[in-house]
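*Asks:* I have a structure here, written as C-alpha cells, and I will follow up with some questions on it.
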Amino acid sequence: MSREQKSSKVEEPQKQYENVESAYEIVENLKVMFQEQARTERYNTVKVIFDCKMGKDEPVSPHVIKLICYFDNLERLDAGISQQLATDIVLQSLNPSYNDFILNYNMHNLDKSLKELHGMLKTAEPSIKKAPTSNVLMIKKGKGF
C-alpha cells in the first residue's frame, strides 16, 4: 500500500466527522461501526471453542493453551466467561483417555484456575498415555445366564 493510499484511509474518517460538534457523537458512531465486527469475531471465537476437541494422540499442553487464548479473546471482546465454565469447557474437550482424570477432578470438587488445571493435566499426561486404551470384550461359547 502506497503512502498516499494510507494517508487517504486515515483522512476518510476525519472528513466524515469534520462537522460533528461533540466527541460523544463521534464515539457513539464509531461504536456502531465496529460493533458488528466485534459481534462477528465473538461468534467465531465461541464457535471455535465449542468445536475444539483434543485429538487422540495430541499433547494436552498445546490444546489447553489454545483454549486459554480463546477465553482471553472473549475477555478482550467484553464477553468473558466464568472460571468454572472455562474449566468445564476444557475438561469436556479432552479426549476420552482423560475420563478418569475428569472423574477424579469432579469427585474431589476441585476448583482450580486454568493455569493450575493446565499444570495438573501436564503432570497426569504421562501416566494417562501409558494406560491401556482399548478394552477387550470376551465372549464365552455355550449357555447364557
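*Asks:* Would you kindly derive the ³J(HN,Hα) couplings of region 83-98 from the backbone phi angles with the Karplus curve 6.51 cos²θ - 1.76 cosθ + 1.60 (θ = phi - 60°), listing them in order in whole Hz, with x for Gly and Pro?
*Replies:* 4, 5, 5, 4, 4, 4, 5, 4, 4, 6, 7, 6, 6, x, 5, 8
*Asks:* Please compare each pair in Lys31/Lys53; Lys53/Lys112; Lys31/Lys112; Lys47/Lys115; Lys47/Lys122 to a cut-off of 32 Å on the Cα-Cα distance and tell me which ones are over it.
*Replies:* In this structure, Lys31/Lys53; Lys31/Lys112 exceed 32 Å between Cα atoms.
Read-outs: derived from the displayed coordinates by stated rules, not from any lab. Since we're looking at a predicted model, the values are computed, not measured.
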